[in-house]
Amino acid sequence: MIITIGRQCGCSGDEVGRKLSKLLNIPFYTKKDLIGLAKEKKIYEKYPFYFGEEPVNAMVSSVADDFCASKAYDIPHKALKVLLGDRDAIVIGRASNYAYRNEPGTARIFLCGDRAERVKNIANKHGVSERKARLMVDKTDEKRRGYHKYYTGEEWGSAGNYDLCIDAVKLGVDKTARLIADYTKIM
């Protein structure tokens with residue numbers, strides 16, 4: 001089973017992933033984990049922009065989009081297949097919902113929530129003002145939106161690209177993780 005988690009900034013995606021990992025006894029991979037695994041398997045250099053959150057700089061991106069679009073769309077699946085093979089995993093981000101869209105036994109999840117509450121979560125988590133947290137949330141969401149669009153051609157967060165969209169801010173970490181675990185058992 002593969003569970004992919006896309007999320008808006010401030011939805012506690014990493015905490016949900018860790019909790020879900022414990023509930024289902026399936027390894028959880030963050031961006032940092034995937035980078036480490038990519039370096040270990042010596043594929044980081046092949047896909048450095050994929051493992052970061054910036055596909056390429058803006059000028060190169062605009063020139064390369066038409067020329068390389070279909071090639072970029074293949075990268076998430078290729079990179080994650082090399083790293084994870086066919087083993088069970090929970091993967092956060094990295095356009096993993098797109099990479100595993102045609103794989104049986106995949107649950108593609110998107111976590112969202114009220115922006116004001118997400119801002120409060122980030123302010124508390126990082127000990128910053130709400131003004132600074134608002135900028136962090138907006139910048140992170142925009143970065144994720146651009147990254148996802150570059151590697152998939154799809155709109156990030158669009159419900160049709162996921163199996164389950166959850167207001168994780170309302171539910172909290174524990175209930176969100178349990179809901180996802182229950183969903184995977186039903187499917």
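No lab work stands behind these numbers, since they all come straight from the coordinates. All of these numbers come straight from a predicted model, not from anything done at the bench. Quick reminder, even Gly has a Cβ in these numbers, built from the backbone with ideal geometry, and neighbours come from all protein chains shown.
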Count, please, the residues in the range 158-171 that happen to be of a type outside the set (Phe, Trp, Tyr) and in contact (Cβ under 8 Å) with a residue 60 or more places away in the chain. 3
List, please: which pairs have Cβ atoms under 7 Å, are six or more places apart or on different chains, and start with a residue in the range 94-106 that is touching a residue at least 40 places away in the same chain (Cβ under 8 Å) and end with one that is assigned to a loop (DSSP other than H, G, I, E, B)? Asn97/Tyr162; Tyr98/Glu154; Gly105/Met1; Thr106/Tyr100
Which residue pairs have Cβ atoms under 8 Å apart, sit 6 or more places apart or on different chains, and have a first residue in the range 144-157 that is in contact (Cβ under 8 Å) with a residue 60 or more places away in the chain and a second that is in a helix (DSSP H, G or I) and of a type in the set (S, T, N, Q)? Tyr150/Ser61; Thr152/Asn161
Does Arg101 count as assigned to a helix (DSSP H, G or I) and over 21 Å from Arg18 (Cα atoms)? no
Residue identified as charged (D, E, K, R), farther than 22 Å from Leu20 by Cα and out of contact with any Lys or Arg (no Cβ under 8 Å at 6 or more places or on another chain) among Lys120, Lys185: Lys120
Can you tell me which residue among Asp114, Asp141 is without any contact (Cβ under 8 Å) to a residue 60 or more places away in the chain and either charged (D, E, K, R) or over 20 Å from Leu34 (Cα atoms) (or both)? Asp114
Checking the structure you have, find out if any residue of the range 129-144 is small (Gly, Ala, Ser), over 15 Å from the mean Cα position of the chain (by Cα) and at positive phi. no
Checked the range 108-135 for anything within 17 Å of Ser158 (Cβ to Cβ) and either small (Gly, Ala, Ser) or in a loop (DSSP other than H, G, I, E, B) (or both); matches are Gly113
For the range 5-30: of the residues being hydrophobic (A, V, I, L, M, F, W, C) and more than 10 Å from the chain's Cα centre (by Cα), which is surrounded by the fewest Cβ atoms within 10 Å (Cβ to Cβ)? Leu23
